[in-house]
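A.B. asks: The structure follows.
Coordinate-derived values only; no laboratory data. Please read these numbers as outputs of a predicted model, since none were measured by experiment. So basically every Cβ, Gly included, is an ideal-geometry build from the backbone, and we count neighbours across all protein chains shown.
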Amino acid sequence: MSVPKEPLPPKLIVGLLFSNFEVRDRALEALIEHFGPPDFLTKAQPFTYTAYYDREMGADLVRQVCSFLHLVRPESLPDIKLCTNQLERELSRDGKREINIDPGFLSVERLILATGKNYIHRIYLRDGIYADLTLLYQKEAYHVLPWTYPDYQDAALRHFLKVLRHKLHLQHHGRLPTKLLNEPGGGS
C-alpha cells in the first residue's frame, strides 16, 4: 500500500510570448505583484516555431521564460492559470491579446504547463484547467515527449530549465546537487 505524502513544492515558471516590450513590462509587474520576485528571466528570443499566434498577436513575436523565487503549492496551478488568463485579458487591445502568458511548474521530475485545452496527455484539474505534462527529467536532462511544444524542445531552453532545477534542489535541501552541470553525468 502506498502512503500518501505531500510533494516538495515546485518552482513557478511563466512563458511570455509578445512583440511589445512595454506590454511585457506591465505583465511582469503584475506577475511580481501576484507571485513575488523573479529569480531568472531568459533573453528575449525570436519565436519562429509556429505562426499559430500571428493572426491574433501579429508577427515578430519573441519568447521569454521567467521563473519566480518563491516556491508554490502544486494544487495552486489552476488558480495561477486563471490569474494569468485575466491578466492577458486586461492587457488586450481591441479584443486581441498582446501577450500570451503560460504558467507552469518545474519540479525535479518534470515540467508541467497549465492549459484550458483538453488532449490525450492532459489531466483535468478543476475550473476548466488541465495539467500538460511537457518535459520529463531522466538521465541528467529534460526530455521531450511526442506532444511537447516546439519551443520547449529547444536545447537552450531545456538547459535553462536544468539550471533552474539545480536552484530548486538548493531551495529544497539547502545545498546544490552532488553533481553539477559541468561534471560528467552532472545534474542529479
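A.B. asks: Name the residue, out of VAL14, VAL65, VAL23, whose mean-square fluctuation peaks in a Gaussian network model built on the chain with Cα pairs under 10 Å.
C.D. replies: VAL23
A.B. asks: Could you work out how far helix 21-35 tilts from the main Cα principal axis of the chain, as a 0 to 90 degree angle to the nearest 10?
C.D. replies: Relative to the chain, helix 21-35 is tipped by roughly 50 degrees.
A.B. asks: Here's another thing I want to ask about it. Go ahead and estimate [θ] at 222 nm for the chain from helices alone: -39,500 (n - 2.57) per DSSP H run with n ≥ 4, summed, over the residue count, rounded to 500.
C.D. replies: The per-residue figure over the chain is -9000 deg cm²/dmol.
A.B. asks: For segment 11-173, give the magnitude of the charge dipole about the Cα centre (Cβ charges: +1 Lys/Arg, -1 Asp/Glu; no others), in debye to the nearest 20.
C.D. replies: Working: 21 positive and 21 negative charges, 97 e Å.
Charge dipole of segment 11-173: 460 debye, to the nearest 20.
A.B. asks: Can you tell me the convex hull volume per residue for the chain, based on C-alpha atoms, in Å³ to the nearest whole number? All intermediate terms of the calculation are to be shown ahead of the outcome.
C.D. replies: Working: hull volume 26.4 nm³, N = 188.
Convex hull volume per residue, Cα atoms: 140 Å³.
A.B. asks: Relative to the longest principal Cα axis of the chain, at what angle does helix 155-173 sit, 0 to 90 degrees, rounded to 10?
C.D. replies: The helix 155-173 is inclined about 60 degrees to the chain.
A.B. asks: Using the beta-carbon distance between PHE40 and VAL144 and R0 = 25 Å, what value does 1/(1 + (r/R0)^6) give for FRET efficiency, to the nearest 0.05? Please list the in-between numbers first.
C.D. replies: Values: r = 21 Å, r/R0 = 0.84.
Efficiency for this residue pair is about 0.75.
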